[in-house]
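Okay, structure first, notes after.
The values are calculated or read from the model by the stated rules, or taken from the named source; none is laboratory data. Since we're looking at a predicted model, the values are computed, not measured. Every residue, glycine as well, gets a Cβ built from its backbone with ideal geometry; the counts of neighbours run over all protein chains shown. All accessible areas refer to the heavy atoms of the entire protein, side chains included, with ligands and DNA or RNA removed. Shrake-Rupley method; radii C 1.70, N 1.55, O 1.52, S 1.80 Å.
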Amino acid sequence: MENESPVKQWSHLHKILYRLPLDKLLFILLYLKCYPTYDLQGLLFGLDRTRVCRWV
């Protein structure tokens, strides 16, 4: 990410932090139904393990 412009970096950060409410609803419903590991949940939603932990 060193060579990316600041605008592109912000765009990537914006996509991670401000997902649609429907995405967050699906995220938590899947977690409550199946109790996947944080690693698997992160893989499914394109998040890192620490962000999954914070969202849960």
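Give me the distance in nm between label points sitting 7 Å out from Cα along the Cα-to-Cβ direction at L44 and V56, one decimal.
Reported label-point gap for L44 and V56 is 1.1 nm.
Could you report the accessible area of D39 in Å², rounded to 10, computed with a 1.4 Å probe on the protein chains as they sit in the structure?
Roughly 90 Å² of D39 is accessible to a 1.4 Å probe.
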